[in-house]
Every structure is written in C-alpha cells, then in structure tokens.
Amino acid sequence: MDNRNYTGRDPRILGAMAGWRVLEPDVKIIGNDMASGADAAALEKWLLSVCARVDCVILPLDLFLYGGCIRGTYRIIDERDVLIRLNILGKIRKKNPACRIYGFKIIHGISVHSLIGRGIGEKTAKDLFDHFELCGVDDKKNARRLKSIRKSIPAKVLSEFLEIRESHARVNESLLRLVEGDLLDYLLFAQNDVPRTGLHLIEQKRLARHLRDFQERTGVITGLDESIHLLLARHANFACGVSPRIFIQYSSARGPMTQCKYEDRCLGDNVRNHVFVAGGTAVETPEDANGTLMINCPEDEQGELLLRDDSEWMSNRNAGPFVAAIQWHLGRSKNVALADVFYVNGGDDELMSLLEKNIDLKKLAGYAGWNTAANTVGTAIAQLCVQFAGRRNGAGAGRMKREKERFLLTRLINDWLYQGKVRAGVIRWARKELGVQPWDLGGFKSVVEKRIKKEMKPEMERLVKRHFPGWDSGDIEIELPRTRVSTLNVNVGGNAGD
C-alpha cells in the first residue's frame, strides 16, 4: 500500500509463520503515497506476471485505483480511468481461475493535518472537519450550525471536497457489484480515522443493501493499516480449512464499551468484527478457545499517548491484576496475544514495564500497540490466526518460532519502545532545537532519524538481551519511512519470510 513495513515486510513474516511465501512488488512501483504515488501500469504488469503461480491476491484497491490511500483522498481523478483499472480483476481470474482475490477499499475519514498539508488554511480545514462530522447528525440545532459552517468554507473548496467523496462512493458501489459478479472473493471496506458521526455513515447506508446480500464475502471495519494482516490471516484460515476460536479478555470490566479515538463504534464490537474478518470466531470461555486475546484498555474513553500526564496515577488502572491474568493464560496455553489499546498511538509503558518483570515476553504469541485501537487489535488477531493455521499447514516448528519472534520483536520495538517511550522526547527535542513539527520534518528528516537511533539503541539492546537472547540487537535496523515521526520501519535480523 506504501513504503511502510506494515504493508511489505510485516506480511512476509506473517506468511512465513503460516508456511507460505508472500510476494510483493518492488517499493519503487508502490512509490511514496505522500509524494509520487504508485505506477499503475507497472503494478498491473507485475500482478499479471505473478498471479498464475499464487494461491491468492490481496489488493489494496486505493493503491491500484488512485496511486495511494492519501492521494485518492483529496485529489480529483477521472472516474472513468479508475473504473477501467478494475479490468485487472478479470485478467487475473482468466490467468488463474483458482486464485482467490481479496480487496480492501477505504471509506475515508478526515484529518485536519492532512488538509493543511494539501494547502488548505487551518480555519478552513477545521470547518471542513466540522462539516464532515455534522453531516451525520440529524437535529435542528446542528442543522443550523452546519448551514453556518457551509457559508464559511470557500465554495470551490467545499464543492471539490464533496465531489471527491461522491466519486469514491460511486466506485465503492461498483466494487460491490464485482463481488456479486464473482470477480472479488472478499471485499473489505476500511474506515480510516473517522469520528463517531459523519459523512462516512451516510456513505455506509448507500452500500447497505449489497452488504446485507453478501455478508459472508464483505465486511466493514473501523481501521485501515491492519487490513492486509487481517486478509492474509483470513486466507491462511480458509486455505487450511480452519476457523480459530479466540477468547477475549479485557483489563477492565467496562472494556468492551470503551470508545476509542478515530473510531465510530465501541471497542467490543470492533474486536469481534476483526476476529470475524480474520476468519476466526470469538468464544465466551478460555476452555473453548484455540487462542486468547488479552486487551489492555481504559475504563471509558481512550486517551492520547502524547498528551498523557505522567504525574497522574490512577488506582483503577488494573495493571497488576491484568498482568496476573496474562500469566495465568500463558500457564495453560502458548497462544496468548496482547493488544495494548490503553492509549492511541503507542504502547502503555506502565503495563509493559510491569509485564516484562513478570513474564518472558517472547512467550507471547503476539503483541501490538500501535496507532489506533483497530490497527492494534487487527495486528494482534492476525498473529494468533496465522500461527494456528501454520500448525495445521505443517509449517516447520523451528521456522515458525523464528518468524514469530521476529514479528514480536518488531512490534515491541516500534509500538512500545519507540511510540510508547522514545517518541515523545524526540518530538519535544525537534520542536525546541529544530523548530519543526512532528508531522512535517521537511529537510530535517535525517537529523531527527539520527536522534531516534541514538535514543533507541540502549532500549533495543536491553530488550534483546533480556527477552530475545537468540537475536543480535546489532542486526536490527530502524528508519523513518516518511518525513514524520509517527512510526518506524523496523528490520529485525536480515531477510524476513524468505
């Protein structure tokens, strides 16, 4: 989908856990979503060159149709050209009738920072956000406010914004007709960074009839970056003829009702939906389960990691009892994964520091704590599912263990050590010393990256020495994939999944 590892290297590792080799196009073809975008012609050529010898194809449809998920959000692209590119599905089907074709397409949310990055003024960007959100609220008070906001947005800006969304909505309807025509075996709609109300819900309703008719072959999740992981897990389960049963335990009794940021549904609904998309089934007791998903979550609303106040300590954090529960589950099963969603955009250092004192972290079957709750939950579920499929598929135990540890170490380094511990200090330093904002480093990317490597080195050395003695911290490479500090590309121990 872009040049970040979660769409390339990470799926290769997940595939290796299940006993498969995952192919992907050269990153030069994919391009940088923030700049050049994908080369559609080269991408089609590559797909047609490999599709005859693979079991399935997973298509990030925004990459193929628009050049990238961000590029398609705020640019007017000829809809006829977009629909013509869908002919690739028929060509794949003709070359390999047995190949299963999975696709995922974004139902876009809205980001003030992204709008500003496209040259829209800050006030207009905030007005567009409010307009987007209020379109999903049906009452007189908000109707008056919406009318007022519309008047404050330049007519051309609003018209183009709505035109782009309408075009995407029509393309989404066309994709559902391809499911009906058996050109897509499974279609996932991923809602990226959405508020609780907004235009995305209106667009969902337009798709409702088709979604009802093809519930086994379509899905809607809140999240995006985890989509490749989920669909890879879904195919692994399908190919092995299994549906792993997953028991879910939250750190708080109120956990399932937690409202997470950038999502329009409660945590419990989103988790069960992700399990289903991955080809699994959520069960009510650990005795009925093949694996356990432990979810570290707040009691009510999710907080922003970078805005937390370290001086405040809450007695209702439940970290101690939750660690004890993880220990109990590990004592009865090897298949325990941790989804850390206490904060958005990074792991919970308080929990992880306590956890590593009480367990050997490499015994976890999976971990995630990055970006949004949906990204985290989907990535943790995928780790459980592909390992279950791998055991059924006869994947070598030694190789599966090695790749599991590689993926686990990758996530611990990025999600906990970087996003949860180091990143906040780097942001403060970059603002003070360089005068740059974290979402746009400009020409200072290499300077900031050097600072990150310096801060991360002792953290990685300590983690590897204590929990992953079979690995060498000197073989771990980290880099910023974009001119922003949000996430790292982490490469652990050479070639992954080969």
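Things worth noting here:
- On the beta carbon distance between Asp182 and Ala208, with R0 = 22 Å, the FRET formula returns roughly 0.55.
- Phi angles of segment 139-152 translate, via the Karplus equation with coefficients 6.51, -1.76, 1.60 and θ = phi - 60°, into HN-Hα couplings of 8, 5, 4, 6, 5, 5, 5, 4, 4, 5, 5, 4, 5, 7 Hz per residue; Gly and Pro are given as x.
- Contour excess over end-to-end distance, with Cα ends at Val27 and Lys334 and 0.36 nm allotted per residue: 107.0 nm
- Take the Cα of Ala397, step 7 Å toward its Cβ, do the same at Val112, and the gap between the two points is 5.5 nm.
- Long-range amide H partners of Gly37 with built H, under 5 Å: Asn32
- Computed per residue of the chain from DSSP H runs no shorter than four, each worth -39500 (n - 2.57), the mean residue ellipticity at 222 nm is -14500 deg cm²/dmol.
- ³J(HN,Hα), Karplus 6.51/-1.76/1.60, whole Hz, each residue of segment 238-251, x for Gly, Pro: 4, 5, 8, x, 10, 9, x, 9, 10, 8, 10, 10, 9, 6
- Net length available on complete extension from Asp360 to Leu83 is 94.7 nm, with 0.36 nm assigned per residue and the Cα-Cα distance removed.
- For Tyr367, the residues whose amide H sits under 5 Å from its own are Leu338, ignoring neighbours fewer than 5 places away on the same chain, with H placed 1.01 Å from N.
- Residues Val271, Val436 arranged by fewest to most Cβ contacts within 10 Å: Val436, Val271
- Along its principal axes, segment 383-493 has C-alpha extents of 54, 25, 19 angstrom, given from the largest down.
- Residues with amide H under 5 Å from that of Phe189, placed H, sequence gap 5 or more: Lys105, Gly219, Val220, Ile221
- Order of Asp2, Asp213 - criterion: other Cβ atoms within 10 Å of each residue's Cβ, fewest first: Asp213, Asp2
- Listed values for segment 398-414 are Karplus-derived 3J(HN,Hα) couplings in whole Hz (6.51 cos²θ - 1.76 cosθ + 1.60, θ = phi - 60°), namely x, 5, 4, 5, 4, 6, 4, 5, 4, 5, 4, 5, 4, 5, 4, 5, 6, and x replaces Gly and Pro.
- Separation of segment 432-498 from segment 331-356 is 21 Å, based on Cα centroids.
- Which listed pairs, of Lys404/Lys432; Lys401/Lys453; Lys45/Lys453; Lys334/Lys465; Lys126/Lys445, have C-alpha distances above 29 Å, in listed order: Lys404/Lys432; Lys45/Lys453
- Packing rank of 166-174, 331-339, where each peptide gets the mean count of other beta carbons within 10 Å, highest leading: 331-339, 166-174
- Taking label positions 7 Å along the Cα-Cβ direction at both Thr281 and Lys432, the computed distance is 5.6 nm, reported to one decimal.
- For segment 121-135, the residues whose amide N sits under 12 Å from a probe point set 7 Å from the Cα of Arg145 along the beta carbon direction are 130-135.
- For the chain, the relative contact order is 15 percent, taking Cα pairs closer than 8 Å that sit 6 or more residues apart in sequence and dividing their mean separation by the residue count.
- Convex hull of alpha carbon positions in the chain: directionally averaged projected area 23.0 nm².
Where a number appears in this text, it was derived from the coordinates with a stated rule and is not lab data. As the structure is a prediction and not an experimental result, all values here were calculated from the model. Virtual Cβ from ideal backbone geometry, glycine too; neighbours counted across all protein chains shown.
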